[in-house]
1. Could you name the lysines whose alpha carbon sits less than 22 Å from that of residue 241, not counting residues in the same chain fewer than 8 places away?
2. Add +1 for every Lys or Arg and -1 for every Asp or Glu among the other residues with Cβ under 10 Å from the Cβ of residue 256, and state the total.
3. Could you compute how much accessible surface residue 180 exposes when probed at 1.4 Å, giving the result in Å² to the nearest 10?
4. For the chain, with all protein chains present and a 1.4 Å probe, just round the carbon and sulfur fraction of the accessible area to a whole percent.
5. Helix-only estimate, please: 222 nm mean residue ellipticity of the chain, summing -39500 (n - 2.57) across DSSP H runs of length 4 or more and dividing by its residues, to the nearest 500.
6. Over region 107-204, with the other protein chains present, what is the accessible area per residue in square angstrom, probe 1.4 angstrom?
7. Once the Cβ-Cβ distance between residue 203 and residue 25 is put in as r, and R0 is 45 Å, what FRET efficiency do you end up with, to the nearest 0.05?
8. Can you figure out the FRET efficiency of residue 216 with residue 60, using R₀ = 41 Å and their beta-carbon distance, to the nearest 0.05?
Amino acid sequence: MKNLLLIGLFAITFCNMGTNAQTKTRKKGILLITFGTSYPEARKAFENIEQKVKTLWPDVDIYWAYTSGFIRKKLAKQGIQIDSPSEALAKMGEAGYTHVAAQSLHIIPGSEFHDVVHTVKGFSLVQKGLEKTTMGRPLVSEHEDLERIALFFTKQFPIATDEEAVVLMGHGTHHDANIYYPGFQYYLNDLSDRYFVATVEGYPSLDNVIKQLKKEHIQKVTLTPFMSVAGDHAQNDMAGKEKDSWKSQLEAEGIEVDIVMKGLAEYDEVVKIWIDHLKEAFDEL
Ligand code: CO
């Protein structure tokens, strides 16, 4: 009797496994995740990425999520509804997706990126969740990424005279991954000593870079964001009219400033790096 019961249980279990595997067809989707921006102009950069992703995966649906609750709320007041990563993943599950490749449009693997990794992984662990989720690396995380992005900047912003330099505005973070910024500086130095990266909230600061500019007798600086979009930080902290904006601080040092108000997501060569990372994640599905 006991044996019969066991056999019965096994049979039920195996039957269920069989039907689950047969009835659930694979449906692959892509989820693009960014901090987000409330600037309509800056969102053009995201459209550029979406176009590129569509070209490569014409039959795969693309979902978007913003990690910033502040920006999502701000946009909701304007009637623009954008999901958080977990909302988007839940929707994808509801819509019948079984396999999702998520791509982080973050710059470095900092705290936001790691939060997203947990969320994306979590959805493949919960019952009735997605069968498999993978996560693409942010813009710069491996040696080759840093080489590519350093080369991109030196080509995109060629320097005409000895007195000119290019200053990139990175975000910076309290997270250990802030080391990517001084690390990136080393890659830039490998190519030229006229390209500098400074951060709003981490190390190096603009003061650190101003010291270098003075040492090199730089007269003219091209200032541009090292962020996915030219959003709030670029418009205000970098190029704002206030005395403490980077533009004002550099001008106060007698340096002429030229602003390039373009986020990284607007450059095809940079988008290519994110897309290469998405390819890796998609191939893992
Ligand atoms: Co910020």
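1. In chain and number order, the partners are 220, 262.
2. On the way: positive: 220; negative: 163, 164, 251, 258.
Local net charge: -3.
3. 50
4. Values: 8020 of 15180 Å².
Accessible surface attributable to carbon and sulfur in the chain totals 53 percent.
5. Details: 10 runs with 130 residues, N = 285.
The helix contribution divided over the chain gives -14500 deg cm²/dmol.
6. Numbers: 4930 Å² over 98 residues.
Accessible area per residue: 50 Å².
7. 0.35
8. On the way: r = 48 Å, r/R0 = 1.17.
So the FRET efficiency works out to roughly 0.30.
The values are calculated or read from the model by the stated rules, or taken from the named source; none is laboratory data. Given the structure is predicted, the values throughout are model-derived calculations rather than measurements. All Cβ positions, even for glycine, are placed from backbone atoms using ideal geometry, and neighbour counts span all protein chains on display. Heavy atoms of the whole protein, side chains included, go into the accessibility calculation; ligands, DNA and RNA do not. Shrake-Rupley method; radii C 1.70, N 1.55, O 1.52, S 1.80 Å.
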